[in-house]
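Chemist: The structure follows.
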Amino acid sequence: MEQPPPGAAAPRPALDAERRALWASVWGSLVIGVAALALGILTGTRIIVFDGAFLGIGLLLSLASVRAAAAAGVGPSTRFPFGRDAITPFVVVIQGLAIAGTLLYAAGDAVVLILAGGAPTSPGVIAVYGAATAAAGFGIAAWLPRRAPGSDLVAAEAAQWRAGAVLSAVMLVGAGAAALLVLLGLDGVAYFVDPVLVLVACGVLAFIPVRLIASGLHELLEGAPSPELSRRIGDAVERVRARYDLSAPLVRPGKVGRKLYVEVDFTVDGTEWSVAAEDEVRRAMETELRALGYDVWAFVSLTADPSLFD
C-alpha cells in the first residue's frame, strides 16, 4: 500500500483562504452583535437582544473555528501521526450544540414573557433593524463559501449567518404585524408580538443545529463523504482503472475535515505485474485524487488474492 507523505497537510492557499474567511466572519459578528445588544437593551426589545446574543455566540464559535483551522493546518506530527483534522467536525458539533442551547434558552424566556402578559414593542425599530441585518446576513452567508470553497468550518459559519438572516426576516414580518395591530387598536395583542417572534424564530432555526450536529458526528464516526464528493472520487478512480485496463476495484472513501482518505483495491493477475507497474498505478491514482482539492491520503493496493480486501 502507498503511504502518505510525512508532514502532508492541506494546500496552503486553501488554508489561508479558510483563515481569512473565518476572520471576516469574526469581525462581522462583533460589529453587528455589539450594535444589536446596544439597540435591544436601549429599546427593551427582546427579539433584538436575542439576535445580538445569537451573534455573540456566533462570535465565540467563529474564534473557535479559527483556532480549529490553525490546529488542523499544522499537519501530522509525532504525537498526531495522522494530523488533527478531526478537530474540524468536532468544532462543527460544538457549534450545533451551542446554537441549540441558545435557541432553547430564548424559547424559554419567550414563554415566560407570554405568561407574564407580554411587553410593549417598537415596530419601527424592529423593522429597520430586521431589514438591515437580513441583508447583511444573507450577503455574508453567500460570500463566505465563495472565499473558501470546500471548508467545513466556513460552511458552518455560513450556516450561522444564514440562520441569523432568517431570524432578521422573521423580525421584519413581525414588525409589520405589530404595526398593523396598533393601527387596529389592538395594542394589548401587540404586546405579545415580541415573544411570539422569538418563538417563531427558534422554530425556524431549529434545523440549523440539527444539521450541524448530524454532519459533524457523521465525519467523526468516519462516515462516507457526501454523494457529490463520492461521485467525483469514483470518476477519478474510473479514469485510472480504464487507463491501465484494470478490473473494477473496491473503493472505500472517508473524509475528516479537509483530509480525504481513499483506499482503492484492485484484483490482478500476480504473474503479469511488477512493482514498478504497481507504483505507476499508485502515482496515477494519487494525481487524480489530489485534483479534487483535498489533502489526500491514498492507499492503493494490487493483489491476486481478493480475500485480503476483507
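Chemist: Among 302, 246, what is the fewest-to-most ranking by other Cβ atoms within 10 Å? All intermediate terms of the calculation are to be shown ahead of the outcome.
Modeler: Values: 302 22, 246 17.
By the 10 Å Cβ count, ascending, the order reads 246, 302.
Chemist: Quantify how much of the Cα-Cα distance distribution of the stretch 241-299 extends past 20 Å, in percent.
Modeler: Details: 462 of 1711 pairs.
Counting pairs separated by more than 20 Å, the tail of P(r) holds 27 percent.
Chemist: Amide H to amide H, which residues 5 or more places from residue 255 or on other chains are under 5 Å from it, using H placed in the peptide plane?
Modeler: For residue 255, whose amide H was placed from the backbone, the distant partners under 5 Å are 261.
Chemist: State the answer as a single residue: which of 268, 304, 223 lies farthest towards the positive end of the charge dipole of the stretch 221-310, with beta carbon charges of +1 for Lys and Arg and -1 for Asp and Glu, about the Cα centre.
Modeler: Looking along the dipole axis, the top candidate is 223.
Chemist: Take residue 224, project a point 7 Å from its Cα along the Cβ direction, then tell me which residues of the stretch 231-268 have their backbone nitrogen under 14 Å from it.
Modeler: 231-235, 250-255, 263
Chemist: Sorting check: for 18-24, 248-254, 206-212, which peptide has the highest mean count of neighbouring beta carbons within 10 Å, and how do the rest follow?
Modeler: On the way: 18-24: 20.7, 248-254: 15.0, 206-212: 18.0.
Order by mean packing, descending: 18-24, 206-212, 248-254.
Chemist: Determine the sum of side-chain charges near residue 246: Lys and Arg each +1, Asp and Glu each -1, restricted to other residues whose C-beta is under 13 angstrom from that of residue 246.
Modeler: That sum, taken over residues with Cβ under 13 Å, equals -3.
Chemist: Relative to the longest principal axis of the chain, what angle (0 to 90°, nearest 10) does the C-alpha long axis of helix 193-205 take?
Modeler: With rounding to tens, the tilt is 10 degrees.
Chemist: Still on this structure, please answer the following. Classify the stretch 68-177 as rounded, prolate or oblate, taking a ≥ b ≥ c as the square roots of the eigenvalues of its Cα gyration tensor: rounded when a/c is under 1.5, otherwise prolate if a/b is larger than b/c and oblate if not.
Modeler: Details: a/c = 5.16, a/b = 1.99, b/c = 2.59.
It is oblate, given that a/c is not under 1.5 and a/b is not larger than b/c.
Chemist: If you rank 278, 228 by fewest surrounding Cβ atoms within 10 Å, what's the result?
Modeler: Details: 278 17, 228 8.
The fewest-first ordering by Cβ neighbours comes to 228, 278.
Chemist: Restricting to Cα atoms and excluding each atom paired with itself, what does the Kirkwood estimate give for the stretch 12-220 in Å?
Modeler: After inverting the mean inverse Cα-Cα distance, the result is 17.8 Å.
Each reported figure results from applying straightforward, stated rules to the coordinates on display, with no laboratory input. Keep in mind the model is a prediction, meaning the values are calculated, not measured. Note that we place each Cβ from the backbone using ideal geometry, even for glycine, and neighbour counts take in every protein chain shown.
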